[in-house]
Amino acid sequence: MKCMQCEESLAGTGCIKKGVCGKSAELADEMDKLIATLIELSSATIECRNTDFIRELDSHIVDSLFMTLSNTNFDMQRIKDAEAVSDSLMQRAGKRYSLFSGTYGVDTYDSDEDLRSLKQLLLFGLKGLAAYYHHAYVLEAEDATITAFMRKALSSLMKTLSAEELIALNMECGEVGAKAMALLDEYNVRMYGKPEITQVRTSAGTRPGILITGHDLKDLEQLLEQSKGSGVDIYTHGEMLPAHAYPAFKKYDNLVGNYGNAWYLQKDEFEKFNGPIVATTNCVLIPKDSYKDRLFTTGTAGIQGVKNIEAKDGRKDFSEVIEMAKNCPAPAPIDDKVLTIGFAHDQTLALADKIIEAVKAGAIKRFVVMAGCDGREKVREYYTRFAETLPKDTVILTAGCAKYKYNKLDLGDIGGIPRVIDAGQCNDCYSLVVIANALADAFGTDINGLPLSFNIAWYEQKAVLVLLVLLNLGIKNIMLGPRLPVFLSPGVADVLVENFGIKGISEPTADRVILNIQ
Ligand code: SF4
Ligand code: SF3
């Protein structure tokens, strides 16, 4: 085992005996093997023109890459089943594995440290891309150019390529990532309407409940439809919070609130919830025995020994979850706040005149993008302090579970514009780019010319993809924390620092100066 794909990876070596996330060495090795089969399949089918076969292959590649994203799937059998699908696709393509000889890890991708690091950056970006594309295609969106890029990039991982060629592939990954995020945004709106400013309670009610976590809105839709009128309340958790802002979900009066915080607190919060929990994607953790029997996974999420709800003809049957909930006590209260959400691009741009006026009048001096991930390390308290100590004429633009570090602080508003503009899930980082582009147009500049700073928190590989999207858009001087990725070699880190001005975090006061926040 050698895994270094997430921010919590062991410093220096990456995780080598067991993952900090709980992933066993055997599972990590099996995931590497699965990725190796995807690389082989992509290389072997480069000339294939059978579109039905390619569609099947693409769907397998997207699901498999997503399953290996941090905190998505801890079920060895599911990984082995996916390998068996690879084997059968390989056979049907009339090809045999040839590139690998018993070792599969990211360490085998290149003997040169910098080239290996660039290949890892690409692979982790591809995992993020697969996750975004997966969310779009469950809503029946399709763009064959996105999956064609995934196959091209996967097949490049075992080729001898120069640093320039690998940097170009990483930038292309960012470009394709922006396309996938735009596609997802389009289909979310098409299916569920344009997010609107919405207030969400975090308190617990008196009826039994089901908690739904992860990012998959289609799963939420099916759960709401099947549970309406059942007497069971539905609560969102973690990255499902933004769902409350979609008009399509507001018609369900049993969608009552958001329970809990970011993923890393789930062991305590799921225990206290008392009812069943549905994990639709990352981040799900290996559960405590106290709630293991109440936990269900679905889609790409999986945990050995935890019941998985599979789709049959596109429908998932949540009746067992709903019946279980009816016999459970109501959730224990852990919080009592009201969160204001729903600032995706359409809603925020509806306020554009007000925002532009506030900037021109000097009431808003700076915007700070603080999107990304939350995580369990104590050092992440930095983001709470950073938000708390920002000058009062600063507005935070956020998306992703990073927001839980400051979305319950009372940061107030500037002439009615909230100081935390929450665009939604990490999937909705695209909204922040649309908002920034619109502001740049209004002020006759580009994004780098705006009074806008980036202080991004990352944990998993969707955030790696978002970083590649931002770099490909030419955005400079991004602060990235709480640590720079372990998989960046000193040489690659230098390139990112010199060409893009990427920097790590230190202390809020010093970082505000670096980020031009006065
Ligand atoms: Fe370690 Fe992160 Fe990999 Fe888990 S996902 S094994 S914590 S690097
Ligand atoms: Fe969070 Fe896992 Fe990244 Fe969607 S839920 S942002 S970490």
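See the values below:
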{"quantity": "Residue selected from segment 453-463 under the condition more than 9 Å from the chain's Cα centre (by Cα) and among the aliphatic types (A, V, I, L, M), by the criterion surrounded by the most Cβ atoms within 10 Å (Cβ to Cβ)", "calculated": "Ala457"}
{"quantity": "Count of segment 13-48 residues which are without any contact (Cβ under 8 Å) to a residue 40 or more places away in the chain, more than 19 Å from Asp81 (Cβ to Cβ) and among the small types (Gly, Ala, Ser)", "calculated": "2"}
{"quantity": "Residue identified as polar (S, T, N, Q), open to solvent by less than 10 Å² (accessible area, probe 1.4 Å), within 7 Å of ligand 1 (Cβ to nearest atom) and farther than 14 Å from Met67 by Cβ among Ser42, Ser9", "calculated": "Ser9"}
{"quantity": "Members of segment 156-165 found to be assigned to a helix (DSSP H, G or I) and either open to solvent by 10 Å² or more (accessible area, probe 1.4 Å) or at pLDDT below 95 (or both), listed by number", "calculated": "Ala163, Glu164, Glu165"}
{"quantity": "Strands (runs of 3 or more DSSP E) (entirely within segment 256-339) containing at least 2 residues that are in contact with a strand residue (DSSP E or B) (Cβ under 8 Å, 6 or more places away or on another chain), more than 16 Å from ligand 1 (Cβ to nearest atom) and open to solvent by 10 Å² or more (accessible area, probe 1.4 Å)", "calculated": "307-309"}
{"quantity": "Flag for Gly424 being out of contact with any strand residue (DSSP E or B) (no Cβ under 6 Å at 6 or more places or on another chain), crowded, with 22+ Cβ neighbours inside 10 Å, assigned to a loop (DSSP other than H, G, I, E, B) and not β-branched (Val, Ile, Thr)", "calculated": "yes"}
{"quantity": "Residue list for segment 508-517, filter: touching a residue at least 24 places away in the same chain (Cβ under 8 Å) and either surrounded by fewer than 19 Cβ atoms within 10 Å (Cβ to Cβ) or not in a loop (DSSP other than H, G, I, E, B) (or both)", "calculated": "Pro508, Thr509, Asp511, Arg512, Ile514, Asn516"}
{"quantity": "Segment 340-379 - residue that is open to solvent by 70 Å² or more (accessible area, probe 1.4 Å) and among the hydrophobic types (A, V, I, L, M, F, W, C) and, of those, nearest to the chain's Cα centre (by Cα)", "calculated": "Val379"}
{"quantity": "Conditions (1) open to solvent by 20 Å² or more (accessible area, probe 1.4 Å); (2) assigned to a helix (DSSP H, G or I): number failed by Leu488", "calculated": "(2)"}
{"quantity": "Neighbours by Cβ (under 8 Å, 6+ apart or cross-chain): first from segment 186-215, in contact (Cβ under 8 Å) with a residue 60 or more places away in the chain and assigned to a helix (DSSP H, G or I); second away from ligand 2 (no atom under 16 Å from the Cβ) and open to solvent by 20 Å² or more (accessible area, probe 1.4 Å)", "calculated": "Val189/Asp346"}
{"quantity": "So Val495, is it within 30 Å of Leu10 (Cα to Cα), open to solvent by 20 Å² or more (accessible area, probe 1.4 Å) and in a helix (DSSP H, G or I)", "calculated": "yes"}
{"quantity": "Any hit, segment 146-157, residues being over 15 Å from Ser59 (Cα atoms) and polar (S, T, N, Q)", "calculated": "yes"}
{"quantity": "Sole residue being among the aliphatic types (A, V, I, L, M), surrounded by fewer than 20 Cβ atoms within 10 Å (Cβ to Cβ), outside the structural domain of Gly491 (by TED's automatic domain parsing) and assigned to a helix (DSSP H, G or I), chosen from Ala153, Ala168", "calculated": "Ala168"}
{"quantity": "Residue check for Val395: in contact (Cβ under 8 Å) with a residue 24 or more places away in the chain, out of contact with any Asp or Glu (no Cβ under 6 Å at 6 or more places or on another chain) and open to solvent by 10 Å² or more (accessible area, probe 1.4 Å)", "calculated": "no"}
{"quantity": "Sole exception among (1) touching a residue at least 40 places away in the same chain (Cβ under 8 Å); (2) of a type outside the set (Ser, Thr, Tyr); (3) open to solvent by 20 Å² or more (accessible area, probe 1.4 Å); (4) within 22 Å of Ala36 (Cβ to Cβ) for Leu122, by number", "calculated": "(3)"}
{"quantity": "Options Glu30, Glu47: the member that is farther than 23 Å from Gln266 by Cα and either within 16 Å of ligand 2 (Cβ to nearest atom) or buried (at least 17 other Cβ atoms within 10 Å of the Cβ) (or both)", "calculated": "Glu30"}
{"quantity": "Any hit, segment 100-116, residues being open to solvent by 50 Å² or more (accessible area, probe 1.4 Å), farther than 27 Å from Ala168 by Cβ and either touching a helix residue (DSSP H, G or I) at 6+ places or on another chain (Cβ under 8 Å) or within 16 Å of ligand 2 (Cβ to nearest atom) (or both)", "calculated": "no"}
{"quantity": "Scope segment 218-241; condition open to solvent by 10 Å² or more (accessible area, probe 1.4 Å) and assigned to a helix (DSSP H, G or I); matching residues", "calculated": "Lys218, Glu221, Gln222, Glu225, Gln226, Glu239"}
{"quantity": "Qualifying residue in segment 67-77 (condition: charged (D, E, K, R) and more than 24 Å from the chain's Cα centre (by Cα))", "calculated": "no"}
{"quantity": "Test: residue in segment 376-383 that is closer than 19 Å to His215 by Cα, touching a helix residue (DSSP H, G or I) at 6+ places or on another chain (Cβ under 8 Å), of a type in the set (Asp, Glu) and not assigned by TED's automatic domain parsing to the domain that holds Thr280", "calculated": "no"}
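The values are calculated or read from the model by the stated rules, or taken from the named source; none is laboratory data. No experiment lies behind these values; they were computed from the predicted model shown. Cβ coordinates were reconstructed from backbone atoms using ideal geometry, including for glycine residues, and neighbour counts include every protein chain displayed. Just the protein is used for accessible areas: all its heavy atoms, side chains included, with ligands, DNA and RNA removed. Shrake-Rupley method; radii C 1.70, N 1.55, O 1.52, S 1.80 Å.
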